[in-house]
Amino acid sequence: MDEKSVKNTSEKNKQLNNNVQVYDQVNCQKDLATHRTLCAYQKSMTTDTMLAADSKVARSSFGPQVKDKVVIEVKDLVKTYYGQAGETRVLKGINFTVHEGEFVSIMGPSGSGKSTLMHILGVLDTPTSGLYRLDGIDIKDYSEDELAAVRGRKIGFVFQAFNLLAQKTVLENVMLPGIYGKIPMRQRQDKARELVGLVRLDNRCDHLACQLSGGQQQRVAIARSLMMDPAIVLADEPTGNLPTDQTDEVLSFFTKLNREHGKTIVIITHEPAVASYSDRTIVLRDGVITKDGPANKDIHYDTN
Amino acid sequence: MILIEIFQEALSSLWQNKGRTFLSVLGIVIGIASVITMMAIGRGTQESIASEISSLGTGGISLFNRSTQKLTQDDIDVIMANDYSGIFDQVLLETNSSQTLVAGSESETASVTGVSANYLEVENKKMALGSFFSDEDFALGQRVIAIGPTTATNLFASASEAIGQRIKVGTIYFTVTGVFAESSGGGMSFSDPDDFAIIPLSTMQNELLGSREIASVTFTLTDETKVAQAKSIIGYTMLARHNIENVDDADFGMFAATDLLETLSSVTGMMTALLAGIAGISLLVGGIGIMNVMLMSVLERTREIGLRKALGAQQRYLITQFLFEAILVTFSGGAIGFLLGWGASSLITHFSQITAAVTWDVVLMAIGISTAIGLIFGIYPARKAAKLAPIEALRSE
Ligand SMILES: Nc1ncnc2c1ncn2[C@@H]1O[C@H](COP(=O)(O)OP(=O)(O)O)[C@@H](O)[C@H]1O
Ligand SMILES: [Mg+2]
């Protein structure tokens, strides 16, 4: 570790201590373990105190379980597509870091490069230039097969289109990453059952994926994304294909994962209501970050 | 361990796409079934020809004239005198000519053969009615005739009525002493093997030809493995007696049934190869069919492949899965095709003249080939699947 990064780390520690102080100030439990308690706490306050509290929370850009460890580090990230119509610069120098335990949303209008960014974060694609360090490793150093292993072990994907294997059962879908992750059969099955329980589909274990509603399918996808205990869960418009009455349920699972299981979550959306579930929002416009700060919680409670 | 898991993935993927799987299995089933059936027919024919030749009482060597009146009784006597180790058993002398046979108002043209007294024994013939000639008939050159069953029914109301009747051959009347039994099998010659007439050799030479000519001699051997030795005794004796220096100028010919066997089995071998070639083409077509179906499957499953990659599948696992799928299709197609081909061969044997013999080497070969087809034609689609870029694959609809 060089001098500069040591300095960075000590600064981050200071920042984290500060966060804890903020929470103490608003008279919240030191261990705000669950989203439920947070919701109950905020709902119990008057609008005035809530606004006040929000402005205080706003100073902390991190959720309650945020740790020191950096999971995503992106520096001067550029992505250019070379097509018949010439080259398209989709990402024009992106910089941000995500710490372990953060719940981040990436927002922006359609075509702003959100999915492109998510593909790079998920090592499904490689940047044209710039640095991407995932869980401490520079993905540039890895071969195609190693990247596949990295995807399997470090990243859990949740897609807009669910992407379940329609003819497999719920349990088989959840177990799929475990095959490539070489988890023994028994262990894999136990883990899958546990995860299916987590998204409350215990009674659907042996249903085929195609027999489920959209919301249920997305919950299976969330369970699947956790099979290998990934460092981050990446979700691209996870509620984009869902009717509004199923969005809240699906999103509440992301909150649960973050609050109760300490998962790092990056969710991509163009809906402010969805972003409001997160603690921090990065706004992307035309391939550059125009805003990076605490999420606007108002919208979430307005739509609730 | 992971191989077993990937095998299960391949299996369930085939199971979940039953329609597509059925179509690709079908192509291989047809290919393999036709290979097995055609090879069985080829082998069966080969075997039945071989057994037919051996039933003719092989081991015999024929010596025949290339130019007229060169083969004499003296030649035969010297050959026998040169046989120090007693290889030769029987010597059948024959001369034949095509003659018009007339009985009452009926007539036909048939081959009339003058033979020596050991004819029945050497040619493995039996009488159905009446009797063969007596030693006296041979010694005195009597005008007696024995006829094949077809000849009998052609000339007379029935075979039994022929006995004791007279047949005019050329200008001479012969008395029918007997009718031969029908020859067994014998589907090899183009003419009816039961349409012929036999008379004593002496009668033939004296009455019909007016010369001491011998057209051919059949030597049977005491030891059937001594064909080559017997041929050389005959050959050298004849070359010396006829003062011939170059074998190509020989005025006689020699023929051993074993030669025929070799010739025929090489012909039927070629036929089997031809059938196998045709069947092989149908296998090739089946293999290309598999490749098409697999490529379709890769296209259709682009999204699935992208997803598997996103979930951590490395290229080699995807290649393995697709290869497993292809091999499962071709192997099971091969197994079903074998059962079908075997069934078809049994039916052919049961309901037709042809004996179709399914042999194990053919079965192993067919299943081996079908599995190899899976490997060869599966590798391209499998590599294509594994090389898909994950985002492109996920983006596809
Ligand atoms: N493979 C590609 N080739 C060329 N251009 C692309 C490709 N993928 C995305 N783009 C372009 O990049 C821009 C950003 O796309 P995307 O990241 O999907 O945006 P978002 O997810 O924010 O809607 C769009 O203008 C799109 O047309
Ligand atoms: Mg998008």
* To do: Take A:Asn258 and decide whether it is of a type in the set (S, T, N, Q), at pLDDT below 90 and within 17 Å of A:Phe103 (Cα to Cα).
  => no
* Asked: Would you call B:Ala356 surrounded by fewer than 22 Cβ atoms within 10 Å (Cβ to Cβ) and more than 14 Å from every other protein chain (Cβ to nearest Cβ)?
  -> no
* Asked: If you take just the helices (runs of 4 or more DSSP H) that sit entirely in the stretch B:135-201, which of them hold at least 1 residues that are modelled with pLDDT of 90 or more and over 26 Å from B:Ile214 (Cβ atoms)?
  -> B:149-155, B:159-162
* To do: Identify the residue in the stretch A:99-116 that is within 9 Å of ligand 1 (Cβ to nearest atom) and open to solvent by 30 Å² or more (accessible area, probe 1.4 Å) and, among all such residues, is farthest from the other protein chains (Cβ to nearest Cβ).
  => A:Pro109
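I'd like to know if the stretch B:58-71 contains one or more residues that are open to solvent by 50 Å² or more (accessible area, probe 1.4 Å) and of a type in the set (Gly, Ala, Ser).
Within the stretch B:58-71 (the criterion being open to solvent by 50 Å² or more (accessible area, probe 1.4 Å) and of a type in the set (Gly, Ala, Ser)), the answer is no, since none of the residues qualifies.
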* Filter pass, A:Lys182 being on the phi > 0 side of the Ramachandran plot and either open to solvent by 20 Å² or more (accessible area, probe 1.4 Å) or facing chain B (nearest Cβ under 9 Å) (or both) -> yes
* Asked: Here are some residues: A:Leu198, A:Leu134. Which one is more than 16 Å from ligand 1 (Cβ to nearest atom) and open to solvent by 10 Å² or more (accessible area, probe 1.4 Å)?
  -> A:Leu198
* Provide a single number: the residues in the stretch A:216-247 that are buried (at least 18 other Cβ atoms within 10 Å of the Cβ) and either of a type outside the set (S, T, N, Q) or within 16 Å of ligand 1 (Cβ to nearest atom) (or both). => 20
* Can you tell me which residue in the stretch A:78-98 is nearest to the other protein chains (Cβ to nearest Cβ), limited to those that are buried (at least 22 other Cβ atoms within 10 Å of the Cβ) and more than 9 Å from ligand 1 (Cβ to nearest atom)? -> A:Ile94
* Quick one: is A:Asn173 more than 16 Å from ligand 1 (Cβ to nearest atom) and within 13 Å of another protein chain (Cβ to nearest Cβ)? -> yes
* To do: Considering each of A:Val150, A:Val174 in turn, give the residue that is more than 24 Å from A:Thr239 (Cβ to Cβ) and open to solvent by less than 20 Å² (accessible area, probe 1.4 Å).
  => A:Val150
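Would you say B:Ile290 is buried (at least 21 other Cβ atoms within 10 Å of the Cβ), touching a helix residue (DSSP H, G or I) at 6+ places or on another chain (Cβ under 6 Å) and modelled with pLDDT under 85?
So B:Ile290 passes the test.
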* Asked: Quick check: is even one residue across the stretch A:161-170 within 15 Å of the chain's Cα centre (by Cα) and within 16 Å of ligand 2 (Cβ to nearest atom)?
  -> no
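The values are calculated or read from the model by the stated rules, or taken from the named source; none is laboratory data. These numbers come from a predicted model, not from an experiment. Neighbour counts run over all protein chains shown; Cβ positions are idealised from the backbone, glycine included. Accessible surface is based on the protein model in full, side chains and every heavy atom, while ligands, DNA and RNA are left aside. Shrake-Rupley method; radii C 1.70, N 1.55, O 1.52, S 1.80 Å.
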